[in-house]
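The values are calculated or read from the model by the stated rules, or taken from the named source; none is laboratory data. Since the model is a prediction, treat every value here as computed from it, not as a measurement. When we count neighbours, we look across all protein chains shown, and the Cβ atoms used for this are built from the backbone with ideal geometry, even at glycine. Remember, those area values only see protein heavy atoms, side chains included, never the ligands or the DNA or RNA. Shrake-Rupley method; radii C 1.70, N 1.55, O 1.52, S 1.80 Å.
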4 protein chains.
Amino acid sequence: MPKKHQIIEAAIRVFAREGLEKGKIADIAKEAGIGKGTVYEYFSSKADVFKAIEEHVTTGMIDVVAEVLKKPVSAEEKLRLIFSISVEHINHMGDELLIVTELLVHGARGHMFDEGTNTMVDMYSTYRELVETILIEGLQNGEFREINPPGIATLFLAFIDGIVWQYVFIKDTSNFKLLLDEALESFLKGIKL
Amino acid sequence: MPKKHQIIEAAIRVFAREGLEKGKIADIAKEAGIGKGTVYEYFSSKADVFKAIEEHVTTGMIDVVAEVLKKPVSAEEKLRLIFSISVEHINHMGDELLIVTELLVHGARGHMFDEGTNTMVDMYSTYRELVETILIEGLQNGEFREINPPGIATLFLAFIDGIVWQYVFIKDTSNFKLLLDEALESFLKGIKL
Amino acid sequence: MPKKHQIIEAAIRVFAREGLEKGKIADIAKEAGIGKGTVYEYFSSKADVFKAIEEHVTTGMIDVVAEVLKKPVSAEEKLRLIFSISVEHINHMGDELLIVTELLVHGARGHMFDEGTNTMVDMYSTYRELVETILIEGLQNGEFREINPPGIATLFLAFIDGIVWQYVFIKDTSNFKLLLDEALESFLKGIKL
Amino acid sequence: MPKKHQIIEAAIRVFAREGLEKGKIADIAKEAGIGKGTVYEYFSSKADVFKAIEEHVTTGMIDVVAEVLKKPVSAEEKLRLIFSISVEHINHMGDELLIVTELLVHGARGHMFDEGTNTMVDMYSTYRELVETILIEGLQNGEFREINPPGIATLFLAFIDGIVWQYVFIKDTSNFKLLLDEALESFLKGIKL
DNA sequence: GATGAATGAGGGTTCATTCAT
DNA sequence: TATGAATGAACCCTCATTCAT
């Protein structure tokens, strides 16, 4: 449904600009160039819009990263790919990251839009598991030294998350790319045999 | 004024639990064991409470870290201290981190509680500058190799921020400490001569 | 037009179930198995549907009762017929009575769906007048004793209305029929010479 | 709480005039001479106001009638008292009867304002039971002939309900009182030995 | 100072109605 | 003729803020 997608796009712009709570349904409608009531033709409530945004954001992320797992390359190379893909993705998100952050905080509080599911937090766990899978793979095929996969996975995520924050605060990060590569190499050197 | 501080503490508990927007003034009053109107004897508005929380949180952080700068130890040692102090601080904050995150997002949007100042974002900049100062110091006294101070400072902050996120999501991080030390050593090795 | 009648039937089912205000045009369309816009091909507004239901309900009632007046039987027999026809009618209406009640209340408030006419209340008056006519007839031809026609007519209506309520609340009234007949006889005995 | 009662009074006036659904909370506030929000200081929702009105109306009715049961008079006299009290009560209610009717219809549909209780319908049942109790009493002490208490109770209620309707439609019922007495006597004569 | 009853602007949501297809 | 997507006025309810006590 293209209209539904159109509304999600408008909602993302509004929420990125105003915040999840301050962004009004009326704003979204105006941003999408439609009437207020039309939003409710596609979403049952504001929380439903939040949920849709969560899905929109997480699907893109997890799918692309999961794809990496299937590639016939070394574990090390997989980590490199995940890293570059993630950074690339973050770079493309721009102010959407503010929404993602709010959604993560919301989820971290245990609050939910949907009874029983915590999409954003689940996505985070899935992401961590994907990384862990790669680490175990590299451990088993002798690429990596005797590491603790869950801990290293957490460290890897911390690395990526930390970078997100810098993007959020320093909008222009062009001259930051080289450092990231260096840091990644340093990280990989640390876990390789 | 101890009553004012009492209200801030109550506000932090409420906002950590409910979120900045969902947390009501009435909740804070109840949490503090006082009347709703009394909150307004000490704060002019809800935004004023936010501002006070920002100050409360940042002051603690910056002061302690700034103290490190004055110590008569090597730049490397200063970074180690800042790192451990920060991690310790993060560890103590617990769910307050959720508030800090919301405040940072708020600030990143350019929204302000107070005309003209962006406390949280300023704190962030100050923090970065402190680290940069140490890096330049280490660079000048020959401790570090030919590095790019702003970039490395950003990387250092990214490292710390990333860790915050892990604390937010994995509440028990006890067996994560060793990894952090290892990672810090790896980081330091990368910039030392 | 059979489609129009089809919609009225659907509307009656919906309004009986949900209430006049809570029953939505969309519900009626779904109940009638047609599109929402189609309802507006046959009715200009929701009030227009109400009006049509009023007419549907009252026409059935008044016509049948008016028919009795023309019969070449005694006044007493006419009252008996009206009574049994009315009770029969009430019995057939079932939950439609809830709608009738709502419409009567609406009319009693002086609210109207149509500028200038108060169908339901008019029907009520007509009904009373029919009964009054019979009473006067019986009075003139010496069947009844010196009664006050308007008052007795009101009492007669009260009797029927009261029965409606019992049907509304006690859905099964099968073993109630005998009592009604007895009560009617008692009533007639009271006005006969 | 006098303010709460004040709001109920205002609500009754508004709902009697406008109808349960058409009467707005804002109307009630204006009618009571208070702010819209103040209504919510005393009632949690519009349904809660409905519930309060139900209780306000039913309490007055049942209590007074129940009192009759305890009197040391014959069953016949009790019925006479209940009848006159009820008619008196109905007479005093005026347009409140329109609200009562709407509430009864609402209850007859099985809709509820409060999970699990159907105040208005319960009141109705209680009323019927009180009458039944009196009938059984009169049956046992030889006052009444071999009657069917539930059926006669229903007939008695039908009689009263029917009168309500006439009050609703013919506002001035002054010259109607005599007829009622006559009708009551006729009714009592029918069940007496 | 402390309080909490009162307030009303504001926002989420519903639904009768319209109209292009 | 039939449709249902689109609309926005209307209304319930929330909650920051005020102020009389």
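Below is a table of values for the structure above.
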read-out: A:ILE34 vs. criteria of a type in the set (A, V, I, L, M, F, W, C), farther than 24 Å from B:HIS111 by Cβ and not assigned by TED's automatic domain parsing to the domain that holds A:GLU132; value: yes
read-out: Failed item, numbered, when B:GLU76 is tested on (1) of a type in the set (Asp, Glu); (2) open to solvent by 50 Å² or more (accessible area, probe 1.4 Å); (3) within 26 Å of B:ALA183 (Cβ to Cβ); value: (2)
read-out: Residue count, segment A:63-93 (criterion: in contact (Cβ under 8 Å) with a residue 40 or more places away in the chain and in a loop (DSSP other than H, G, I, E, B)); value: 1
read-out: Failed item in (1) out of contact with any strand residue (DSSP E or B) (no Cβ under 8 Å at 6 or more places or on another chain); (2) part of a helix (DSSP H, G or I); (3) away from chain B (no Cβ under 11 Å); (4) open to solvent by 10 Å² or more (accessible area, probe 1.4 Å), with A:VAL131 passing the rest; value: (4)
read-out: Exclusive hit being open to solvent by less than 50 Å² (accessible area, probe 1.4 Å), within 13 Å of another protein chain (Cβ to nearest Cβ), within 16 Å of DNA strand E (Cβ to nearest atom) and modelled with pLDDT of 90 or more, set D:LEU97, D:LEU20; value: D:LEU20
read-out: Pairs where the first residue, in segment C:23-49, is within 14 Å of another protein chain (Cβ to nearest Cβ) and under 24 Å from C:GLU115 (Cα atoms) and the second is more than 11 Å from DNA strand F (Cβ to nearest atom) and hydrophobic (A, V, I, L, M, F, W, C), C-beta under 7 Å, 6+ apart; value: C:GLY23/C:VAL14; C:GLY23/C:PHE15; C:ALA47/C:PHE113
read-out: Scan of segment B:138-155 for residues that are more than 8 Å from every other protein chain (Cβ to nearest Cβ) and among the aliphatic types (A, V, I, L, M), ordered by number; value: B:LEU139, B:ILE147, B:ALA153
read-out: Matching residues, segment B:106-121, being touching a residue at least 24 places away in the same chain (Cβ under 8 Å) and open to solvent by 20 Å² or more (accessible area, probe 1.4 Å); value: B:HIS106, B:PHE113, B:ASP114, B:THR119
read-out: Which listed residue is within 12 Å of another protein chain (Cβ to nearest Cβ), in a helix (DSSP H, G or I) and surrounded by fewer than 21 Cβ atoms within 10 Å (Cβ to Cβ), from D:LEU179, D:LEU103; value: D:LEU179
read-out: Selection status of A:ALA158, assigned by TED's automatic domain parsing to the domain that holds A:VAL65 and in contact (Cβ under 8 Å) with a residue 24 or more places away in the chain; value: no
read-out: Looking only at segment C:23-53, and only at residues there that are part of a helix (DSSP H, G or I) and of a type in the set (Val, Ile, Thr), the one that is nearest to DNA strand E (Cβ to nearest atom); value: C:ILE25
read-out: Of all residues making up segment D:1-17, the number that are open to solvent by 70 Å² or more (accessible area, probe 1.4 Å) and within 11 Å of DNA strand E (Cβ to nearest atom); value: 4
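Residues are listed down the side, and each one gets a yes or a no for (1) assigned to a helix (DSSP H, G or I); (2) farther than 23 Å from D:ILE90 by Cβ; (3) more than 8 Å from chain C (Cβ to nearest Cβ):
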| residue | (1), (2), (3) |
| --- | --- |
| D:ILE136 | yes, yes, yes |
| D:LEU157 | yes, no, no |
| D:GLU185 | yes, no, yes |
| D:GLY190 | yes, no, no |
